[in-house]
Amino acid sequence: MLLESPNVIYWAALFLVIAFLAIRKYVQSPSYQLRHIPTIGSSGIIGSYFDSRRYFKEGRNMIQEGYDKYYGTPFKIPTMGRFTVVASGPQMIEDIRRASDDELSFREAVAETIQTDYMLGSQIRHEIFHITVVRTPLTRNIGYRFPDIKDEIITAFSELIPPTTEWSTIPALKTLMNITCRTSNRLFVGLPLCRNPDYRQLQEQFTLDVIRGAQTINKYPQLLRPIVGRYLTKIPANIKRVIKHVGPIIEERLAKRKDGNLKVDDESNDLISWLISEAPESQCTVEGIALRILTINFAAIHTTTMALTNVLYDLATHPEYVKPMREEVEAVIAAEGWTKVAMGKMRKVDSFIKETQRLAIGGLSMSRKALKDFTFSNGVTVPAGTHMAVATNATHVDGNLYSDPDRFDGFRFANKREEEGESLKHQMVSLSHEYVTFGTGRHACPGRFFAVNELKAMLAHILMTYDVKMPNDGLRPPSVWFQATCSPNPTAKVMFRKRVA
């Protein structure tokens, strides 16, 4: 009998085993686990691969499509290697804000996305004393150290964009990154190191090296990633390089801490001392402190540079805002001087920057990884292991939240602050479900107070020192979109001259 043939029985059994394993793998796959959540694009194995490729160029449009179709309930988008679940609407944002870290983890999402464990070490994820430093001593000292910040702004601008009566054409992004790096590190590590060319170049390049390193690591299986992170990325060399610059300063202050003589005075009231004061014993080493300096620069320089570049593009293409902002700056400075208090009173300047960030913002923010099954208040459950985020750009151009949402209105938020009871709600540093540039809740950007004060001081300095315009009176340079990332045009130039009027 044919059915009694050993070969037939063997092949039938093999087929059943393969079928069983394939079905089990599919049931455990994200496609099956997330089948109840609608997809933008295809949810099939082959189709989702091609749609993940489409996401590289059309990420913004895909997120907007999901926002328009499924507002208030989650949808998913195929990205390379996994689906990302996207949330929208105030209630879902509130659900994410209220979730505990053992339900939805920000740190796990970031670590897995940019593979920090394999380049910077897992201690960055587990020992987060640098966040405490940014949130408390750094923020508390902005006012005290503001004269140093202002001095570096003046010096950096005068060296890189000399105010002459003739128009000069400046590469915007590159120049402003140099100024931002110097200004930030005047507070972080002080003079003369903040002006050291090699130190600056390292800090400016570090973010790009981390991103490229993550892309390299993600190409390899889990088993090989520790080796790849150590030997095929530039990060270990960057750590050695930064230690050459900051190592002697750290060693000196660690010795003082050991002897009980570490006192924060005018010369040592900086990020290095704040980190040493907050660091647990296991991280209170030269490498441990140097690594946190790199990490804070990673978070600070590129984000502030991109924001300032976008502000400059809007200033150069909307000259009607220059006169009223100059008048505001002049009046406030006459009353308060160049101080942190003065920055807080510049409502028009604050509004202009915030409006720029409303429009020049990426497609996703508030990344989280579900560590256990999580149910939103609308009843939708996402399984453990799911990566999720909030639709940012789509929220910021929602006509139900903003009138004429696609139009740049530089004083949009200043006008709102004139309404009764609204004076604080619409500051740039304020958090809300309608404006999610800085996230929300306990994981909101801890450095936003420093970043906003720095941006306002730099914009105020530009207004008081220069006239600006685009070459040939051109239009605003278009932003560059890649996946869900929105970046200011990297090659555009802006023209400067010494202020005439």
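The values are calculated or read from the model by the stated rules, or taken from the named source; none is laboratory data. Predicted model, so just to flag it, every value in this text is computed and none were measured. Neighbour counts are summed over all protein chains in view; Cβ atoms, including those assigned to glycine, are modelled from backbone coordinates with ideal geometry.
When only residues in segment 410-431 that are at pLDDT 90 or above and in a loop (DSSP other than H, G, I, E, B) count, which is nearest to Phe449 (Cα to Cα)? Talk me through it step by step, then tell me what you get.
To start, the set of residues in segment 410-431 that are at pLDDT 90 or above comprises 410-417, 426-431.
If we keep only those that are in a loop (DSSP other than H, G, I, E, B) too, we end up with 410-411, 426-431.
Working: Gly410: 20, Phe411: 20, His426: 14, Gln427: 11, Met428: 9, Val429: 6, Ser430: 10, Leu431: 12 Å.
Selected residue: Val429.
Of the helices (runs of 4 or more DSSP H) lying entirely inside segment 281-399, the ones with 2 or more residues being at pLDDT below 95 are found at 286-317. Of everything listed in (1) assigned to a loop (DSSP other than H, G, I, E, B); (2) under 14 Å from Thr356 (Cβ atoms); (3) not charged (D, E, K, R), the single unmet condition for Leu459 is (1).
Can you name the helices (runs of 4 or more DSSP H) wholly within segment 189-266 that have at least 1 residues being under 23 Å from Ala299 (Cα atoms) and either within 21 Å of the chain's Cα centre (by Cα) or modelled with pLDDT of 95 or more (or both)? Even if it seems obvious, please write down each step before you answer.
Values: elements: 197-217, 225-231, 235-258.
The qualifying helices (runs of 4 or more DSSP H) are 197-217, 235-258.
If I ask for residues that are polar (S, T, N, Q), touching a residue at least 24 places away in the same chain (Cβ under 8 Å) and under 24 Å from Ser282 (Cα atoms), which ones from segment 117-152 would you list? Let's see the steps before the verdict.
Quick first cut of segment 117-152, residues polar (S, T, N, Q) only: 122-123, 132, 136, 139, 141.
Now restrict to residues that are touching a residue at least 24 places away in the same chain (Cβ under 8 Å): 123, 132, 139, 141.
Matches in segment 117-152: Gln123, Thr132.
May I ask you to list pairs of residues, at least six apart or on different chains, whose Cβ atoms are under 9 Å apart, with the first in segment 32-61 being at positive phi and the second being part of a helix (DSSP H, G or I)? Cβ pairs passing all conditions: Gly41/Gly47; Gly41/Ser48; Gly41/Phe50; Gly41/Asp51; Gly41/Ser52; Gly41/Arg54; Gly41/Tyr55; Gly41/Met62.
When the criteria are applied in full, Ile96 meets the requirement of being assigned to a helix (DSSP H, G or I), farther than 30 Å from Val189 by Cβ and under 19 Å from the mean Cα position of the chain (by Cα). Restricting Leu455, Leu424 to those that are in contact with a Ser or Thr (Cβ under 8 Å, 6 or more places away or on another chain) and either surrounded by fewer than 16 Cβ atoms within 10 Å (Cβ to Cβ) or closer than 19 Å to Phe75 by Cα (or both) reduces the list to Leu424. Give the residue that is nearest to Val500 (Cα to Cα), with candidates limited to residues of segment 138-195 that are surrounded by fewer than 16 Cβ atoms within 10 Å (Cβ to Cβ) and among the aromatic types (Phe, Trp, Tyr). Looking at residues that are surrounded by fewer than 16 Cβ atoms within 10 Å (Cβ to Cβ) and among the aromatic types (Phe, Trp, Tyr), I get Trp167. The listed residues are Arg497, Arg442, Arg476, Arg407, and the only one of them that is in a helix (DSSP H, G or I) and either buried (at least 17 other Cβ atoms within 10 Å of the Cβ) or over 15 Å from the mean Cα position of the chain (by Cα) (or both) turns out to be Arg442.
Suppose we keep only residues that are in contact with a Phe, Trp or Tyr (Cβ under 7 Å, 6 or more places away or on another chain) and surrounded by fewer than 23 Cβ atoms within 10 Å (Cβ to Cβ) within segment 339-353. Which one would you say is nearest to Val436 (Cα to Cα)? Among those residues, the one meeting the criterion is Lys348. Selection within segment 104-137: residues that are closer than 26 Å to Thr485 by Cβ and touching a Pro at 6+ places or on another chain (Cβ under 7 Å). The member of this set that is surrounded by the fewest Cβ atoms within 10 Å (Cβ to Cβ) is Arg135.
On the basis of being within 21 Å of the chain's Cα centre (by Cα), surrounded by fewer than 19 Cβ atoms within 10 Å (Cβ to Cβ) and not in a helix (DSSP H, G or I), does Gly72 make the cut? Break it down into steps so the answer makes sense when it comes.
Details: within 21 Å of the chain's Cα centre (by Cα): no; surrounded by fewer than 19 Cβ atoms within 10 Å (Cβ to Cβ): yes; not in a helix (DSSP H, G or I): yes.
Criteria not met by Gly72.
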